[in-house]
Structure formats: C-alpha cells, structure tokens
Amino acid sequence: MSNGELSTTYNPSVTEDKWYKYWLENKFFKSTPDQREPYTIVIPPPNVTGVLHMGHMLNNTIQDILIRRARMQGKNACWVPGTDHASIATEAKVVNKLKNEGIDKANLTRNEFLAHAWEWTDKHGGIILEQLKKLGASCDWDRTCFTMDDNRSKAVIDTFVALYQKGLIYRGVRMVNWDPDALTAVSDEEVIYKEVNSKLYYLKYQIEGENEFVTIATTRPETILGDTAVCINPNDERFTHLKGKRVLVPLINRSIPIIEDEYVDMEFGTGCLKITPAHDINDYEIGMRHNLESIDILNDNGTLSEAAQIFVGKDRFAVRKEIIPELEKGGNLLKLEDYTNKVGCSERTGAVIEPKLSAQWFLKMDDMAKTALDAVMSDEVQFHPAKFKNVYRHWMENVKDWCISRQLYWGHRIPVYYFGNGDYVVASTAEEALAKAQEKSGNKSLSLNDLKQDEDVLDTWASSWLWPISVFDNNGELDYYYPTSDLVTGHDIIFFWVARMIMAGYEFKGQYPFKNVYFTGMVRDKQGRKMSKQLGNSPDPLDLIEKYGADGVRVGMLLCSPAGGDLLFDESLPEQGRNFGNKIWNAFRLVQGWQVDTNIEQPEAAKIGIAWMNAKLNQAVEQMNDHFDKFRLSDALMTVYRLFWDDFSSWYLETVKPAYQTPCDKATYTASIEILEKLLKLLHPFMPFITEEIWQHIANRKPEQSIMLAQWPAVESINETLLTGFADAQAAITEIRTVRKTKNIAFKEQLPLSVIIGNDGYSTDFDSVVIKLTNLSAITVVTEKVANAAPFMVKTSEFFVSLGDNIDIEEELKKAQEELKYQQGFLLSVTKKLSNEKFVSGAPENVVAMERKKQADAEAKIKSLEEQIKAFGA
C-alpha cells in the first residue's frame, strides 16, 4: 500500500493515528482458534473507571512487545483486554460523588445505589482502554471483558457454589481487618503497614478492694473501655501477689479478672497486658483460651458504640485525645512516652484498620496454596526475576483462610439465600435456591419472597483470580487458549492476584494458568520517589505521547526497566526514544535518496560492508532471541538500538554510501533496503508506528501486507571470521581518524598507511573499507618500522601513518611511553592471574585460553613499543 511522498521530518501525531486505524480496519489484532500454536496474554485488568498512569504504560508496553513478536513468529497471538469492577475503589468514588450531590448512601436502597454505580461506570468506564490504543496496544478489542459482565459474573457465582459444595467455603465469626471508611472487611493482603510516631500511655488500674494499682502500657487508650482482663505471665515473680485478683477499668470501674498466660512477654512494657478481645487479634485468641467476654466498643464507622459507656458517638481518634485529661483527673495516667510503631492502613482508603469480630465468608486456602507453591518452586510456573520465588514462598507457607466477603453493594452478590429461622442454601440463581430450600426444609409452599439473599458481595480478587479462565468461552476456545503463555504484572500484587490465579488454575483446570510471570518494577522519578499526584512528579502519559510520540515513550520506558527492578523515569528517556526514531527516519531518507545506476559495478568496500552487516544482523537476532527467552526485554531493545545506531548508521552506511552527488550501484541499493527491512522487523515490537510507516514506504504493499504480520528474522549462520576481521578494521580506522584529528590533517588530504603484519589484527580483505573510510592513498605491507610516522597497534599487527613534516617526535615519544606503562601494568595483572593454579585448574578452558592470548598480545605490544621508543632515540 503506497504512502505518498516521504516528508523531511517524521511526524508521530499524524502517523500513529493513521496506522492504528489501518490495523483495526484490517483486524490484524483479531485472533480465533486455528491450527497455529497459540500465544496468549490476558491483560491485568485496570480499574474500570481508572485512567492511564505510568505503571500502566510500562506494563502494557511490555505486553505489546511480547504479543507483537509472537505474531511475527507466526503464532496465533491473542491479547485479551478488559477492566476490573474494583469494588472498594469504585464504590468509594460513587459514594463521594453522591455526597457532593447531597445524597447519603445510607438513605438509598441497594438497587438505587447500584443504579448510580452503573451510571458512573458507563460514563467513566473503558476510558483507560481507549488510552491504551494511543500507546499502540494490539489487543483483540472484540474480546474486551469486564469482571462484572454477564459471562464473568456467571463464572464467579458458579465458582462460589462449586467451592461451597466442596466444603472449601464456610461462614464464621472471626477477627477481621475492618476499614471504617469503606465500611467493609478487607483481606490481610489489603492492609499496608506504615511506621508512625505515636505515644505510649502508661495507665494505672486499681486492684479491686485495695489501694494498690497495676500499670499497663498502650498506644490506644480509648480501647480500655472494651477491656475484659489484665494478663500476666505465670512465670513472672514480680506479680505472684496478683494471682486470682481483679482490677477496675479506669473511668468506668468495670471489674475484670487478672489472668495468667505465657503469651505475655515479661521483658516488654510493664509486664502487665490489657486484654481487649474485640479489638486485637492476639487479645482475641487469649480471650478464647480464657473464655473472656468480648465487648465491641466501636461502631462500623469508627465511632464509639453504646458498649463503651462514655464518649458514645465520638470518633475513635477524637476520643484518644479527650480520654487523657479524664484519666489524669482520675489519677490513672502515670506517664506517656514518644513511641514509634507500625499501624495497619487500608490499601484502598488509607483509613487506619480496626481489628473487628465479624461474621464473614471464608475460603480455605491450605490445600490450594500447597499446590500453587509447588508449581512455582519447581519452576512449572517460572518467575522473572526468580528472586520473587522467595517472597511468594514466605506468603504461601504462612497463608490464612481468605476472607472473601465485603460489606459493599458494588460487586458480585454472594449467592447465599436465607430462609426460615436462619437456615440457608447456596445456589447460582434464586430459582435454584428456592428448589434447594424447599427440599432442605421439606416445605414445598416456600416462595421466592421467603428467600433473602446475603447482603455482602465478594472480594474483587474473587473474580479476577478466574481471569485467565473466565475470559474465554467454554466452546473449545478455553481448551485452545488455556493455559495462557505469559503474564506481565507488578510484584505488588503477587499475593492479591498472581498466587490466587495459580491456585484457581490448578483447582479448576488442573493446570497452571500461565507458564511465565514477568514482574515489572515500580515507576519512580529520578530521585527514586514513587510517582503520585500529591508529589506532582507523575507526568500524564498522554501528554508524553503527544510530545514524544508513542514509539518514543515506549523506547523510553524500556531503556531502564530491568525485570523486577524499579524504573527511574526522567523525561530525557522518551526524548531519547524520539531521537532514536528521528535517527531511523533519517537513515531511511538517506538510503531512499540514493540515485541508482544499473550500469555501475559494485565497489569492493560495499560488498564487504553488506556481508558484515548481514553477519551483525544474524548475531543480533540470536542475541535478541536469547534476551526474549530470558525476559530481558531492555537488553533486547538495547541490542537492536546499538545495531541500528552504531552498526547500521555509523558504520554500514558510511561503508556503502556512494560519494557525494554520485549514483549508487543497484546491488548495494537492493541489499541496503533488504537490510533495512530486517532491522525494521527487529524494531517493530518496540516501535510499531515508525516501522510500519517506513515499511509501507519501502515498497508498494497490498492492504493486507503489514509489517506486524511479517516474519520475525530467522538466525542464519554467523561468519565469525568476517566479524573479527571487520572489528580489526574498525579499530584501525578509529586510530587513523584519531591521528588526523590530533594532527589537524583534513580528510581530503590522502595519507599512506604501512603495516607490519602480526599474528592477528590485520587482513588485506578489508583494505578497501579502511581506505574508503580514512581516505588513504594506499596500504603497504612492510617488514621494518617506518620513520616519521604515527604508529599504533591492532592486536599484534603494527601500523604506521606516514606524516612527513607533520610528525612531532616528542609527542609521539610521550604517547609511546604512556602506552608502554599501561601495557606493562596490564601484562602484570594477566600474568598474576595465570600464575594462580586455582584459577588455571578451575576456570573453563576457553577462559584460560583467552587470558593466555591477552598475555601474548600484551608481550607483543610491549616489544613493539620498546622498539618504537628506541627508534625515537630515547
């Protein structure tokens, strides 16, 4: 498909929209099952009402690189996009919106609130997926899923029923993490611990019937109102006189027992521990052992309840301040100290978590966790980088049952139906529930009106853990695409999502959900700070794309993002990516601008340059394949980056390009275009837009001919001898150019070069390249050193650039003496290594051989330099 005239500058804003539309119209992203090998990625579904941030940019750039390369390898590449309903986050946004409109969620019925939530989702949902198109994401958009669409919802509900029937889901009263802002329980993984500067309050409890006191220390004085015991260690001789006695809770004078339990650390605090079973997990367990009363003094919103007796209705943190003067008045405050401790906060709302006794639904994790742990530790599922296996193992070996219920409206409503006097059934639909309830109760007259569905919804992760399974229809698609190939995600959700997907894969499909997990790092600013709106250090990705182009941003993101390592982002990176795009564009314009004369014979230098560049290409393909296999995507990019910038632009084009205002021979032009096409293929996964633009300019393509469907270059034989010889020629060219620069000798002035051939470092095969790139009059092989010349060595061969009157004997002598000093030091270090028997006997044979070659080369150079210095008369 022709693309008109070639503009002098590359304009991403025009090019990118044009080619993305072309890809969509031709359905190049679409995948349906066929005979090819599938390559499947499921997108980590972003929040449905979210917008693109830098983390998304990195994650989705990596996914697109993998999917585009797989497509070029001839695989049936399927990248499934979608969004997550994000229960807590979305509900919080809707509640806040309603609050701004003067509407209180508490005054709405469930259905009324859900109507607002769906309206919000329909209005703001999917924006992020449209933004991903600007990045070039080649998802199969026809497959877009939402965790609360009909198919996904059915999968979630059916899974709950199946797990309940297996005896893996149960209801129980447990100590849970309560978020007083979101008014819901959250899992252990959704609690973030932050170090805060607190106070440690030393409080005196009067011993009942005596004028003596015991002292306890607490960071939460408001919770004394829920105390039901004071505990001492039975081995603590300081408190033997307290055994069997009771104390009075300050301010409310509740009489509570002094109990004994070895849980108490005799070295910590005062050695006496207040026990508040309703508000501390450890206290709860002690309370269970000692059959203590549990008094819940907090309402769901973090205010004090009637059970507290005083400060009723006031916020817990307000009470923490107000209770201190009251304790002072009552003589119960001994002292307070500054104290640093860790406080659990809700990952979603930031609210300080309250341990709270609550009836919740739980999923048993032990057996599923063991299977999923074995899968990762045996590398059946491979982590990249592997260091995250230890993090994963620690969590999986200490996993607790998963609290899967949430006290929210937005989400998948738990399929439990109550009837009669607290009895219940579990069913996928109300109709199925009614049939089960009639059978269970023996009452055939029960109707749907007699059933009441559980008010809670499932944890968001209880839907997304099914994602690699639920996104495919079970009509043969699932068997074809599952298990998926690779997962790209952040290590911050290794427990929330990755571990649970692996569990679900083995539980429901008997197989892992993906073979590889590539963990991206966090995107930070150049000072190492996490990007956030509050710090103002997070650029808008769409602004970056507008400024530098999507290709530039993609390259920028990859220039410093090692797997699992944090990316220190700076705007110079996408700028570097844009500059690279300009380099590619200008190189193509140069080649395209050559006038071709079919009657001209191909120069020898061009023949050698073409053979060398093809060898470099084959070498690069082999290296890139290895990097991709090991998920070293930044290294793969740098390989092709250097190949284009250094080898193609700086060396190849200089070697083959015709002289100014002279035509190019047909063979060189054709070969240059073929080489450029191969380079574009290697670049395409990283820079899809500019590569498509140039690909379409190179030849008249049919509409169905896109570079994204072109074949990934195969590795052909690599001519190592050619690569070595050309590298030696490059070293000589660099030295000659240095001589010209230091002596201020213009390029147009031809120079003669003489060479004493050593064991290596020179071959006459590359004379034409050296002569062309340094403008030599001739290269002459000699057996004696040349006077009035600038000498240099490449390996063991000696070169002499004849300078005539241009030579400065004193300067050349100084240079030779400095080089001699360096080579003597180098020889000493190599000799020392080779005299180490442990190294010689333990190192691989090729490593030892390389060191011996270094030794021989250094000795030859030292000998030559000593002769040069002697010739200078020193």
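Observations
- Relative contact order of the chain, pairs being alpha-carbon contacts under 8 Å that are 6 or more residues apart, as %: 13
- Here the peptides 595-602, 210-217 are ranked by packing, the mean other Cβ count within 10 Å, and the order with the highest first is 210-217, 595-602.
- Sorting the segments 160-172, 789-801 by their mean number of nearby beta carbons within 10 angstrom, highest to lowest, gives 789-801, 160-172.
- Net charge of Cβ neighbours under 10 Å - reference ILE286; Lys, Arg +1; Asp, Glu -1: -3
- All Cα-Cα separations within region 544-612 were binned at 5 Å from zero, giving a P(r) of 4, 14, 15, 15, 12, 9, 9, 10, 7, 3, 1, 0, each value a whole percent of the pairs.
- Rounded D (µm²/s) - region 373-421, Kirkwood Rh over Cα pairs, Stokes-Einstein at 10 °C, 1.306 mPa s: 111
- Mean Cβ neighbour count within 10 Å, used as a protection proxy, ranking 535-541, 604-610 highest first: 604-610, 535-541
- Net charge of Cβ neighbours under 12 Å - reference ARG852; Lys, Arg +1; Asp, Glu -1: -1
- Shape of region 545-665, Cα gyration tensor, a/c cut at 1.5: oblate
- Cleavage-rule hits (trypsin sites (Lys or Arg not before Pro)) in region 670-745: DSSP loop, at most 11 neighbouring Cβ within 10 angstrom: none
- Within straight-line reach of LYS389, meaning a Cα separation under 16 Å, sit the following aspartates and glutamates at least 8 residues removed in sequence or on another chain: ASP374, ASP379, GLU380, GLU397, ASP492.
- Restricting region 181-261 to trypsin sites (Lys or Arg not before Pro) that sit in a DSSP loop and have at most 13 other Cβ atoms within 10 Å of their own Cβ leaves LYS243.
- Cα-based shape type of region 327-424, given that a ≥ b ≥ c are square roots of the gyration tensor eigenvalues and the cut on a/c is 1.5: oblate
- A straight Cα-to-Cα reach below 17 Å connects LYS666 with the lysines LYS607, LYS657, residues fewer than 8 places away in its own chain not being considered.
- Rounded to whole Å, the principal axis extents of the Cα atoms in region 98-181 read 48, 42, 24, largest first.
- Excluding ligands, DNA and RNA, the accessible surface per residue across the chain is 45 Å² with a 1.4 Å probe.
- A quarter of the convex hull surface defined by the alpha-carbon atoms of region 758-872 gives 8.6 nm² as the mean projection.
- Listed pairs LYS364/LYS387; LYS387/LYS630; LYS616/LYS681; LYS199/LYS274; LYS748/LYS795; LYS743/LYS815 exceeding 19 Å between Cα atoms: LYS364/LYS387; LYS748/LYS795
- Carbon/sulfur fraction of accessible area - the chain, other protein chains in place, 1.4 Å, %: 48
- By DSSP, the beta bridges lying fully in the chain are antiparallel in about 70 percent of cases.
- q = 0.13, 0.21 Å⁻¹: log10 I(q)/I(0) that the Debye formula gives for region 262-390, counting C-alpha atoms only: -0.84, -1.44
- The chain, helix-only ellipticity at 222 nm - DSSP H runs n ≥ 4, -39,500 (n - 2.57), divided by all residues, nearest 500: -13000 deg cm²/dmol
- Positive-end extreme of charge dipole, region 301-428 - chosen from ASN332, VAL426, ALA318 (charges on Cβ): ALA318
- Taking every lysine pair in region 442-551 that is 8 or more places apart or spans two chains, those with Cα atoms closer than 27 Å amount to 4.
- Net +/- balance of residues flanking TYR548 in space, Cβ distance below 11 Å, scoring K and R +1, D and E -1: -2
- Within the chain, the whole DSSP H helices whose Cα atoms reach 24 Å or more along their own axis and whose mean Kyte-Doolittle score is at least -0.5 are 54-72, 604-629, 666-683, 720-743.
- Overall, the chain carries a charge dipole of about 720 debye about its Cα centre when +1 sits on the Cβ of Lys and Arg and -1 on the Cβ of Asp and Glu, all other atoms neutral.
- Here is the list for region 495-600: GluC sites (Glu not before Pro) lying in DSSP coil, each with at most 16 other C-beta atoms within 10 angstrom of its C-beta, are GLU571.
- Computed label-point distance, nm, for sites ARG110 and GLU326 using a 7 Å Cα→Cβ extension: 3.7
- Dipole in debye (nearest 20) - region 464-595, about Cα centre, beta carbon charges: Lys, Arg +1; Asp, Glu -1: 360
- Three-way shape call for region 437-591 based on the alpha-carbon gyration tensor, with the a/c threshold at 1.5: prolate
The values are calculated or read from the model by the stated rules, or taken from the named source; none is laboratory data. Here the structure is a predicted model, which is why all the values come from computation and not from measurement. Virtual Cβ from ideal backbone geometry, glycine too; neighbours counted across all protein chains shown. Ligands, DNA and RNA are stripped out before the accessible areas are found, and what is left, the full protein with its side chains, is counted by its heavy atoms. Shrake-Rupley method; radii C 1.70, N 1.55, O 1.52, S 1.80 Å.
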